[in-house]
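Notes follow the structure.
The values are calculated or read from the model by the stated rules, or taken from the named source; none is laboratory data. Just so it is clear, the structure is predicted and the values come from calculations on it, not from any experiment. Backbone-built Cβ (ideal geometry, glycine too); neighbour counts: all protein chains shown. The accessibility values were calculated without ligands, DNA or RNA, using every heavy atom of the protein model including side chains. Shrake-Rupley method; radii C 1.70, N 1.55, O 1.52, S 1.80 Å.
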Amino acid sequence: MAGNEPPDIVLAAYGLAGAAAAPLDGGNAWATRAEPQVVLKRRRLPGSGAGADWEAELRRQAAAAGWPAGGLVRAADGSAAAAAGGETWTCETWLPGERREVRSVAGWRILGRLLGRLHSDLARSDPGTQRPGLGKVWELDVLTEAAGAGTFNRLVAAFGERYPDLAASIRRERYRNLRELARLGYPELAEQPIHGDFSPKNLLWTGGELTGLIGWEFARRDAAMCDLAPLLMPHGPLDLPHAQALFEGYAAVRPVSNQEFGILPALVRASLLWQVTVLLIRWRLLGDEPAGIARTMLERFPVFERYALELGALRANVRG
């Protein structure tokens, strides 16, 4: 097969040898024309199949609560993931619907309510054990070691041999973030299952109905706010009226404590470091270019520092 299509070994693992497939998400997912239709997904991290069984069970619990979470289709040997060429693939139930950009205050309020409902439902199905291969948002060694890239510090050191200034900025943000999370009580926050990448790009709609909740690769046990924080900085800062609507919608379903609200800026920084770590792993193991790392460290972090000061003005609108 050519390009970035699913390799033959992956197709064969799922009994799809010879099946035609059409690209989705820029070639990171492929919808097959098998019956029933399924989607093959290239995981963003090599080795991320370690927790696929945990993910499959969480998705099953979400579906039982009424969420269109789909499921993982097991390979012929019973495994929930397949490996090929240093990458990990999963096979998932095909879900109908299309993504929608969220551009209005009402849309962000709906998104907040959905996330609040999801957290409430997932809390009731908490397995009480962490997903294998993933840790909490500040446990970056778990992320890097599970992918086969060594410890976080060694990974940054290797990166620093070629890009010393960027590596130095990563270290500064990392140590600063560890201190602020500890000071603000992150370890004391309640843990529960979270989606790990809840955003408009992972919601599929048919008419006015949510028909697909996808993108569970980084689902794990963590503080609930670790799902909300990244929504404040998807690429650039979320417009303040939209951020307020997001908070209002969320808090209407799941009240937000003062401590949770106060720690949100630190969790946004932690989520940016998580994203940088994923890119570092891919740089080390797959040879990806470091442009995304540079953009986050040189542009997104400085922009967020200005935005973080404005977030305090929204605190009065969150009740809990």
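Considering only Gly70, Gly215, Gly78, give the residue with the highest GNM mean-square fluctuation for the chain, with springs between Cα atoms whenever their separation is below 10 Å.
Gly78
Helix check for the chain. Which DSSP H runs span at least 30 Å along their own axis by Cα, with a mean Kyte-Doolittle hydropathy no less than -0.5?
Helix filter hits for the chain: 258-286.
Compare Ile170, Ile110 by solvent-accessible area with a 1.4 Å probe and give them largest first, with all protein chains kept in place.
Ile110, Ile170
Just to verify a number: FRET efficiency for Thr206 and Ala65, C-beta to C-beta distance, R0 = 22 Å, to 0.05?
Rounded to the nearest 0.05, the efficiency is 0.70.
Go through the stretch 72-146 and name the chymotrypsin sites (Phe, Trp or Tyr not before Pro) that are in a DSSP coil and have 16 or fewer other Cβ atoms within 10 Å of their Cβ.
Qualifying residues, ordered by number: Trp94.
Between Gln37 and Arg176, what is the label-to-label distance in nm when each label sits 7 Å out along the Cα-to-Cβ direction?
Reported label-point gap for Gln37 and Arg176 is 4.7 nm.
Please list, short to long, the whole-number percent of alpha-carbon pairs of the stretch 1-145 in consecutive 5 angstrom bins beginning at zero.
2, 8, 15, 18, 18, 17, 12, 7, 2, 0
Run the helix sum for the chain: -39,500 (n - 2.57) per DSSP H stretch of 4+ residues, divided by residue count, reported at 222 nm to the nearest 500 deg cm²/dmol.
-13500 deg cm²/dmol
For Thr129, Thr90, give me the order by solvent-accessible area with a 1.4 Å probe, most accessible first, ignoring ligands, DNA and RNA.
Thr129, Thr90
Specify the residue with the greatest mean-square fluctuation among Ala83, Ala219, Ala106, computed from a Gaussian network of the chain linking alpha-carbon atoms under 10 Å apart.
Ala106
For the full complex of protein chains and a 1.4 angstrom probe, list Arg269, Arg254 by accessible area with the highest value first.
Sorted by accessible area, descending: Arg254, Arg269.
Ignoring ligands, DNA and RNA, what accessible area per residue does the chain give at 1.4 Å, in Å²?
Here the per-residue accessible area is 44 Å².
By how many nm would the segment from Ala22 to Val105 grow when fully extended, if each residue of separation counts as 0.36 nm and the alpha-carbon distance is taken off?
Gain on stretching Ala22 to Val105: 26.4 nm.
Once you sort the root eigenvalues of the Cα gyration tensor of the chain as a ≥ b ≥ c, which label holds: rounded (a/c under 1.5), prolate (a/b larger than b/c) or oblate (the other case)?
Oblate, since a/c reaches 1.5 and b/c is not below a/b.
Could you tell me the distance between the Cα centroids of the stretch 115-180 and the stretch 29-58, to the nearest Å?
Answer, in whole Å: 22.
Quick one: grab Rg to one decimal and Dmax as a whole number for the stretch 200-308, Cα atoms only, in Å.
In order Rg, Dmax, the Cα atoms of the stretch 200-308 give 15.5, 44 Å.
Between rounded, prolate and oblate, where does the stretch 132-176 land on the alpha carbon gyration tensor, with a ≥ b ≥ c its root eigenvalues, rounded for a/c under 1.5, else prolate if a/b exceeds b/c?
In terms of gyration-tensor shape, oblate.
Among Ala266, Ala167, Ala19, which one shows the highest mean-square fluctuation when the chain is modelled as a Gaussian network with alpha-carbon springs under 10 Å?
Comparing Ala266, Ala167, Ala19 in a Gaussian network model of the chain, the most mobile one is Ala19.
Strictly greater than 16 Å: what percent of every Cα pair in the stretch 77-162 meets that?
76 percent
How many percent of the accessible area of the chain is carbon or sulfur, using a 1.4 Å probe?
Carbon-and-sulfur percentage of accessible area, whole number: 53.
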